[in-house]
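K.L.:
Here it is, the structure in full.
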Amino acid sequence: MSGRLTWRQLADLVALQVPELNGPRPDLPESCAVCRGPAPPGSWRCYPCDLHHQVAQGTLADLVVPIAFAVKGGPHASRLWQYKSARIAGGDRDVPGPGSCSGPGSCSGPGSCSGPGSCSGPGADVRAQAASRLLALLTVFIRDHGRCLWLASGVGRPSHVAVVPSARTRPGPHPLASLLAPYLTLPWAGLTARPGQHPVRELDPDRFLAAPVPGARVLLIDDTWTTGATAQSAAMSLRRAGARSVVTVVLGRHVGPGSAGAGGLLGARDPTRPAPFLAPFLTAACAVHPGRAAARGP
Ligand SMILES: [Zn+2]
Ligand SMILES: [Zn+2]
């Protein structure tokens, strides 16, 4: 991606995605009160969030807000790995190298190509297109619904921003942080993966090293939420480093394809009712939008 996109360009990129997105809303039944994922009928939380609550209550994020559901195999889920992947969809082939680009018109990623030799081929184009769409979704969401988050969390506006470090070690900053940097004016809270730590699906604040942030109100951003163990471990690290509050925003709350249809993970639910995860994405309402708050909670 070259240059900084305008708000109009970002809004257009969001509009392109809306028809294929599903999004959480406060009034959707049978969704976890923490991560908005599938929750067993009659339960406030899904199993992983309930487990995290039992073992680490008071040290987790104050609020978790997924922007959209990332249904496995769907376009949003695909973009969430494409934007930072060295390999692209279609198998295990590596990204084609420089020289495979034939110039403007051969790429579809906005701003990703300015002529032959300026990009590294279709693989780079796929990455750039996924990155620009995810960036648009995130920045427009924070602009339009940031206030909803600060209100719902009760902690006020953030003083710092951080990105959950990637499970895989790669040199340089996290790709999401690189994308966001030109658009956010908040100072970054230092958060890195501790060397030698391997990703596990359990809470572990020692997975990350957080620089001291006494009294900080941190906006913590992650691309994908599956069990929440990684993002919640990062929130615990930030709190241990002195953060007063952590509000976590997630680009995609992962749901398996079975969850998206009647009878999947929610096998006991009424198959005649639409699955919450098929709810259309609304740009005008987020998971904690004022006036739409659900009369339920943990
Ligand atoms: Zn949950
Ligand atoms: Zn909102």
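The values are calculated or read from the model by the stated rules, or taken from the named source; none is laboratory data. From a predicted model like this one, the values you see are computed outputs, not experimental measurements. Every residue, glycine as well, gets a Cβ built from its backbone with ideal geometry; the counts of neighbours run over all protein chains shown.
K.L.:
Quick one: in the stretch 121-168, which of the residues that are among the charged types (D, E, K, R) and surrounded by fewer than 22 Cβ atoms within 10 Å (Cβ to Cβ) is nearest to Gly23 (Cα to Cα)?
P.N.:
Applying the filter and picking the extreme gives Asp144.
K.L.:
Same structure again: Just give me the residues in the stretch 202-258 being of a type outside the set (A, V, I, L, M, F, W, C), over 24 Å from Leu137 (Cα atoms) and assigned to a loop (DSSP other than H, G, I, E, B), in sequence order.
P.N.:
Glu202, Asp204, Pro212, Pro214, Gly215, Gly242, Arg244
K.L.:
While we're on this one: Right, Leu203: on the phi < 0 side of the Ramachandran plot, at pLDDT 90 or above and more than 17 Å from the chain's Cα centre (by Cα) or not?
P.N.:
Criteria met by Leu203.
K.L.:
In the stretch 41-59, which residues are within 11 Å of ligand 1 (Cβ to nearest atom) and either among the acidic types (Asp, Glu) or not in a helix (DSSP H, G or I) (or both)?
P.N.:
Ser43, Trp44, Arg45, Cys46, Asp50
K.L.:
Right, next: Being surrounded by fewer than 16 Cβ atoms within 10 Å (Cβ to Cβ), among the hydrophobic types (A, V, I, L, M, F, W, C) and either more than 11 Å from ligand 1 (Cβ to nearest atom) or modelled with pLDDT of 95 or more (or both) narrows it down to one of Ala68, Ala77, Ala15, so name that one.
P.N.:
Ala15
K.L.:
Now a separate question. Quick check on the stretch 18-40: of everything there that is surrounded by fewer than 17 Cβ atoms within 10 Å (Cβ to Cβ) and within 15 Å of Gly252 (Cβ to Cβ), which residue is modelled with the lowest pLDDT?
P.N.:
My answer is Glu20.
K.L.:
Of all the residues that make up the stretch 41-57, how many are surrounded by 19 or more Cβ atoms within 10 Å (Cβ to Cβ) and among the hydroxyl-bearing types (Ser, Thr, Tyr)?
P.N.:
Qualifying residue count for the region: 0.
K.L.:
Let me ask something additional. Hey, among the residues in the stretch 33-90 that are of a type in the set (Ser, Thr, Tyr) and within 19 Å of the chain's Cα centre (by Cα), which one's farthest from ligand 2 (Cβ to nearest atom)?
P.N.:
Only one residue fits best here, namely Ser85.
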